[in-house]
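Step one of this worksheet: look at the structure below.
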Amino acid sequence: MQIENFKIFADLVETKSFSKAAKLNGITQSAVSQQARAMERQFKALLVDRSQKQFQLTREGQRVYESSKEVLHAYEMLLSELQEMKKVVSGMIRISTIYSIGLHELPPYIKRFLHDFPSVNVRVEYRRSNLVYEDVLHNSVDFGLVAFPSRVRQIDIIPFREDHLVVICHPQHAFGKRTEVAISELAGQKFIGFDPDIPTRKAVDQIFRENHLQIEPVMEFDNIETVKRAVEIDHGIAIVPQATVTQEAKQGTLSIVRFKGREFTRPLAILHRKGRVLTPAMRKFIETLGLDLPEARDA
């Protein structure tokens, strides 16, 4: 039995899906099913209870899963230690991130990292916030980057930085020549928002509730770029992280207006699966971001 067998079985258990486990390992769904049956033959025990509608392990299957995780952890530790002994920083780092962080916060750090460690490849995937958590939980990525991080039992949260939330509008808008606006002045304005399930939208809705504002968006989008485009053609105003609109402000296509006498921020964080071994490349990436390693932070 090879290490891949344990990984496929662990992925199957954690995703509770033959198709998702297949995607994670670059094989067919049929191959995952064959691997599970091969393990059952190997251990002479039923591992998956196929009489249930939902995916469920037998008692023996649960024990094999626990041992699979131990084997995989020991293997990852060995690989990491061997790389450290050789002073090697190479391999691939996989990142799942929401659009606003991936497009506007992350690039300078990745540029610096790749300059310092050219033997490492970095792959960035842009996802909705809920899917970033799923990617991290399923070990399909090494790190996730989100705003307004939520506590999840199997995920370590490493605080990254904080964005300032600002109002943006078309330069010819009534707010366009101003540097500040009272939050009460947003009442009656056409407002462009993120989709209701996006954390930044939830935070903005909370700001409105706390200030007793009844504001219903005239448009809703799932990413920052589309929100900005709608504001640029003067369909309304929006509240967005300041870091995401610096370029448009320089070009004069958008105006940035701060809140008068108030400051609203958006916390950003790195997500990492608890217990996941950090390779030398992953450690160096965290250091490039100017953050503490999870082990040091938990001590």
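Table for the structure above
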{"quantity": "Boolean, PRO217 is more than 30 Å from GLU81 (Cβ to Cβ), of a type outside the set (D, E, K, R), touching a helix residue (DSSP H, G or I) at 6+ places or on another chain (Cβ under 8 Å) and at pLDDT below 95", "calculated": "no"}
{"quantity": "Whichever residue in region 27-57 is in a helix (DSSP H, G or I) and hydrophobic (A, V, I, L, M, F, W, C) and, among such residues, is farthest from the chain's Cα centre (by Cα)", "calculated": "PHE43"}
{"quantity": "Residue that is farthest from LEU57 (Cα to Cα), among those in region 1-43 that are in contact (Cβ under 8 Å) with a residue 60 or more places away in the chain and of a type in the set (Val, Ile, Thr)", "calculated": "ILE3"}
{"quantity": "Qualifying residue in region 20-29 (condition: surrounded by fewer than 14 Cβ atoms within 10 Å (Cβ to Cβ), more than 22 Å from GLU134 (Cβ to Cβ) and of a type outside the set (Val, Ile, Thr))", "calculated": "no"}
{"quantity": "Tally of residues being more than 30 Å from PRO118 (Cα to Cα) and either part of a helix (DSSP H, G or I) or small (Gly, Ala, Ser) (or both) across region 58-96", "calculated": "13"}
{"quantity": "Test: residue in region 162-185 that is under 13 Å from the mean Cα position of the chain (by Cα), within 20 Å of VAL204 (Cα to Cα) and not in a loop (DSSP other than H, G, I, E, B)", "calculated": "no"}
{"quantity": "Subset of region 276-295 (residues that are modelled with pLDDT under 85, among the charged types (D, E, K, R) and either out of contact with any strand residue (DSSP E or B) (no Cβ under 9 Å at 6 or more places or on another chain) or not in a loop (DSSP other than H, G, I, E, B) (or both))", "calculated": "GLU295"}
{"quantity": "Test: residue in region 2-25 that is under 25 Å from VAL277 (Cα atoms), assigned to a loop (DSSP other than H, G, I, E, B) and over 30 Å from the mean Cα position of the chain (by Cα)", "calculated": "yes"}
{"quantity": "Selection count, region 59-80, where residues are over 30 Å from ILE93 (Cβ atoms) and surrounded by fewer than 16 Cβ atoms within 10 Å (Cβ to Cβ)", "calculated": "4"}
{"quantity": "Failed criterion for LEU24 (all others in (1) among the aliphatic types (A, V, I, L, M); (2) over 26 Å from VAL152 (Cβ atoms); (3) touching a helix residue (DSSP H, G or I) at 6+ places or on another chain (Cβ under 9 Å) hold)", "calculated": "(2)"}
{"quantity": "Single residue of ILE183, ILE215, ILE207 found to be surrounded by 14 or more Cβ atoms within 10 Å (Cβ to Cβ), more than 19 Å from ILE270 (Cα to Cα) and in contact with a Lys or Arg (Cβ under 7 Å, 6 or more places away or on another chain)", "calculated": "ILE183"}
{"quantity": "Every residue from region 202-242 that is in contact (Cβ under 8 Å) with a residue 40 or more places away in the chain and either more than 20 Å from GLU185 (Cβ to Cβ) or assigned to a loop (DSSP other than H, G, I, E, B) (or both)", "calculated": "LYS202, ASP222, ASN223, ILE224, GLU225, LYS228, GLU232, ILE233, ASP234, HIS235, GLY236, PRO241"}
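The values are calculated or read from the model by the stated rules, or taken from the named source; none is laboratory data. This is a predicted model, so every value here is computed, not measured. Every residue, glycine as well, gets a Cβ built from its backbone with ideal geometry; the counts of neighbours run over all protein chains shown.
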